[in-house]
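Heads up, the thing below is written out as structure tokens.
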Amino acid sequence: MVSLDTIVQGVLLGGLFALFALGLAVIYGVMKLINIAHGDFIVLGAYLALGISGATHRSPFVVLPIVVVVFMLFGYVLQRTILNRTLGRDILVPLVVTYGISVVIQNVLLQTTSADSRSLKVGSIETASVALPGGIAIGWLPLLTLATALAATLLLEWIFNRTRLGIAFRAASDDRETANLMGIDDLRLYGYATAIALGVVALASLFMGIKFEFTPDIGPSFLLYAFEAVVIGGLGSFWGTFAGGIVLGVAQAIGFAINPGLGILLGHLVFLAVLVLRPRGLVPRSASA
Amino acid sequence: MMLEVRGLEAFYGDFQALFGVDLVVDAGERVALVGANGAGKSTLLRSIAGTRRSRPEAIVFAGRPIGGLPPAEVARLGIALVPEGRRLFPSLTVEENLRAGTLGGRTGAWTLDRVYALFPILREKRNAPSTSLSGGQQQMCAIGRALMANPRLLLCDEISLGLSPAVVKQVYAALDEVCAGGLAVVLVEQDVELARASTERVVCLLHGRVTLGGRSRELERETISRAYFGV
């Protein structure tokens, strides 16, 4: 029932969840801001890729760099103009505001693109696969998704651990006031963090849009997966987030293998189990240890 | 003069912490702030560093009113604060904490190598989490972090607090070495004798007002005591 194939397909699915989760982890890690509109950003990115791809008659893969750049700029401006004003002692304010942004994005998309379901078409790679011994077939697209998630995780780890910007991110996350004393302009820094997060979201948008049929109102379910992956992974490193995505993917795949109605549920159950047994996640943040 | 505080007032809600405080610091000068708990010493330092906003003209640094500037801008002008309780970044290593001091973008004589020469133990522990350091080592790291910003004015808030006498001696000896380079220092110190010995001037605060100011060498112990306790 739970074959090696199931696990492999789960890991591949987990790559997509990891990609969903990384952007959420960046924003939460730096600012303690839970972005309720995260899933809607993923959907918005897919519509943007669809629009640009349609207008230029190029593959979504080709227009991806444009979507990434547009989203990074969007992230910076959004943080500087709106989200920075929500940061403070009260954690409810950013929740309410990003929930509002979520509602706005869904309705703007509904108004401009209708409720019809769409998907991104990338041709024959969508169904191409490589056969492994043991009757396991690995789709090129899921493999590319997983590889992209790995690359994004590596890139984020490098930024946060090996660059001055990363030191500033972690310092501001630890102690905003003392970071200010170091000459760090925290509000601009938060702009950079959201820009990076939305750059990763744009990657998630592409692979989501190829894998799923999407409609304007589907974002919140992606938020849920992303949130679960972040909680399972813990906030110690982006590798934790990556692992959280994989765990969620494998759990769902096993659930689906047992019973098609059980897949999503088993994912949620694993999330709850981690919350109970290891509330700080697989890779806890060491600062408060 | 390098720093001029004129008629500085500070409030916490309805409570007034500073009542028209004046303070002048010349380039390269070391000034000690003494006074009982709640006298307003830390508030004064935090106002200078910008973590508390003031009237712009109440604090003038190098000819520029800075009372209304955010702390990051004050830091970039060359004022570094070693905060009370050290406030190292717990998720950063020792060396990353030191490098965090450079994020304001000021450059100068202070580099990692020079800080390590001043505090060799920090070089040994460079890759250790800052949380693994002893109290004295943490204080060295906090001072090193402030120096990495290459400030013109260094503010030290109770750097001897909670340290053993031997370590306090070591930290103050290092501070002497630092000041040989012409850096101006304002330090808050509970130990009046230590404050006198390590500065050129002493300023005493009581209930948010300056009650005494003078050359460290010339002030009598009793005079300071009277200003300190207000008797």
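For peptide B:85-94, the mean count of partner chain Cβ atoms within 10 Å of a residue's Cβ comes to 5. The ellipsoid that matches the Cα gyration tensor of the protein assembly as shown has semi-axes, each √(5λ) in whole angstrom, of 55, 24, 19, with the longest given first. Between residue A:268 and residue A:154, the C-beta separation translates, for a Förster distance of 30 Å, into a calculated FRET efficiency of about 0.55. Working from Cα pairs under 8 Å separated by at least six residues, relative contact order for chain B is 27 percent.
For chain B, the C-alpha radius of gyration divided by 2.2 N^0.38 Å, with N the number of residues, is 0.97. Neighbouring Cβ atoms from other chains, within 10 Å of the Cβ of residues in A:164-171, number 5 on average. Counting only the Cα atoms, the range A:4-277 fills a convex hull of 136 Å³ per residue. For chain B, the longest principal axis of the C-alpha atoms and the axis of helix B:135-148 are separated by about 90°.
For the range A:142-285, the relative contact order works out to 19 percent when only alpha carbon pairs closer than 8 Å and six or more residues apart are counted. Peptides A:8-19, B:89-100, A:256-267, B:218-229 ranked from most to least packed give A:8-19, B:89-100, A:256-267, B:218-229, packing being the mean of other C-beta atoms within 10 angstrom over each peptide's residues. Applying a DSSP loop filter and a limit of 15 other Cβ atoms within 10 Å to the GluC sites (Glu not before Pro) in the range A:163-261 leaves A:213. Other protein chain C-beta atoms within 10 Å of residue C-beta, averaged over B:97-105: 6. A straight Cα-to-Cα reach below 18 Å connects residue A:211 with the aspartates and glutamates A:40, A:116, A:126, residues fewer than 8 places away in its own chain not being considered.
Per residue, the protein assembly as shown reaches -18000 deg cm²/dmol at 222 nm when only DSSP H runs of four or more residues are counted, each adding -39500 (n - 2.57).
Using the Cβ-Cβ distance between residue A:132 and residue A:103 with R0 set to 51 Å, the FRET efficiency from 1/(1 + (r/R0)^6) comes to roughly 0.70. Roughly what would the spin-label model give for residue A:119 and residue B:123, points 7 Å off Cα along C-beta, in nm? The answer from the label model is 6.2 nm. Using C-alpha pairs below 8 Å separated by at least 6 residues, the relative contact order for chain A is 37 percent. Of the DSSP H helices in chain A, those with a Cα length along their own long axis of 20 Å or more and a mean Kyte-Doolittle hydropathy reaching 0.0 comprise A:4-31, A:38-56, A:60-81, A:92-113, A:140-162, A:186-211, A:219-233, A:238-258, A:263-277. Please give me, ordered by residue number, the trypsin sites (Lys or Arg not before Pro) of the range B:1-44 that lie in loop per DSSP and have at most 10 other Cβ atoms within 10 Å. Loop-located and lightly packed - none at all. For residue B:187, the amide hydrogen comes within under 5 Å of the amide hydrogens of B:31, B:32, B:33, B:156, counting only partners 5 or more places away or on other chains and with H modelled in the peptide plane. Between helix B:165-179 and chain B there is an angle of about 90 degrees, using the helix long axis and the longest principal axis of the Cα atoms. The lysines whose alpha-carbon is closer than 26 Å to the alpha-carbon of residue B:125, local same-chain residues fewer than 8 away aside, are B:169.
Read the figures in this text as sums done on the coordinates, not as results from a lab. Because the structure is predicted, anything quoted here is derived from the model rather than measured. Positions of Cβ are generated from backbone atoms using ideal geometry, with glycine treated the same way; all protein chains shown enter the neighbour counts.
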